[in-house]
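What follows is one structure encoded as structure tokens, with my remarks underneath.
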Amino acid sequence: MKQSILLEGAKFQITIKRLCQQLIENHGDFSNAVLIGIQPRGTYLAERIRKEIFNMTGHDVQLGVLDITFYRDDFRMKGASPLAANSTVIDFIVDGKEVILIDDVLWTGRTIRSAMDAMQAFGRPGKMELLVLVDRRFSRQIPIQPDYIGIQVDSIDSQKVIVSWAEIDGADSIVLVTEQK
């Protein structure tokens, strides 16, 4: 297996700060915006974004976490291993709000479609935006594009993009894994 480090250390942090700056430019004081991290790993990015926005502006943006397990189109597929559900915590109203969905990697678009479906249970947002740390742009199966991108990666389906978080993995990094034959 070949591993290529795409981002780590200070560059990882700079990327998160850049994403926050873009959000600040578009949402000002965040009075009508909320952050929603998609379970499981988008929640780490969402929390980092929230903390960094607070450090940069003093604004404490509302944050929720969304589990999409039962909204996935492969949830009941024959032969698929059962997925463990995570918790959803959205303790605010999303009606009319600018909802910023946050995930670590955008690949086929199916996770984001599921998140959009799941959000309907919590009201009707005025606008939805998508922020991702990694955009694997050549593998889309559904026409979904992010509004905010940390890095873009051109990869083939057999490759994997692994995002590691200091909170659970010990260090921040983005690695492209290629299986060698």
Roughly to the nearest percent, how much of the accessible area of the chain is carbon and sulfur, given a 1.4 Å probe?
50
When the dipole is taken about the Cα centre of the chain, and only Lys, Arg (+1) and Asp, Glu (-1) are charged at their Cβ, what size is it in debye, to the nearest 20?
520
Using a Förster distance of 30 Å, the FRET efficiency for R140-K17 (Cβ separation, nearest 0.05)
0.65
Write down Rg/Rh for the stretch 10-58, rounded to two decimals, with Rg from the C-alpha atoms and Rh from the Kirkwood relation over Cα pairs.
0.96
Sites E8 and T108, calculated FRET efficiency, Cβ-Cβ separation with R0 25 Å, nearest 0.05
0.50
Using a Förster distance of 45 Å, the FRET efficiency for S158-Q120 (Cβ separation, nearest 0.05)
0.85
Once both label points are put 7 Å beyond Cα along the C-beta direction, the I24-H59 separation in nm becomes 1.0
State the label only: which of (i) 29, 17, 13; (ii) 25, 22, 14; (iii) 52, 16, 13 corresponds to semi-axes √(5λ) of the Cα gyration tensor in Å computed from the shown model?
(ii)
When the convex hull of its Cα atoms is projected in every direction, mean area for the stretch 119-181 (nm²)
6.6
Using θ = phi - 60° and Karplus 6.51 cos²θ - 1.76 cosθ + 1.60, couplings along the stretch 141-158 (whole Hz; Gly, Pro as x):
10, 10, x, 10, 10, x, 8, 10, 10, x, 9, 9, 10, 8, 9, 9, 4, 6
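The values are calculated or read from the model by the stated rules, or taken from the named source; none is laboratory data. If you're wondering where the values come from, they're calculated on a predicted model, not measured in any experiment. Quick reminder, even Gly has a Cβ in these numbers, built from the backbone with ideal geometry, and neighbours come from all protein chains shown. Heavy atoms of the whole protein, side chains included, go into the accessibility calculation; ligands, DNA and RNA do not. Shrake-Rupley method; radii C 1.70, N 1.55, O 1.52, S 1.80 Å.
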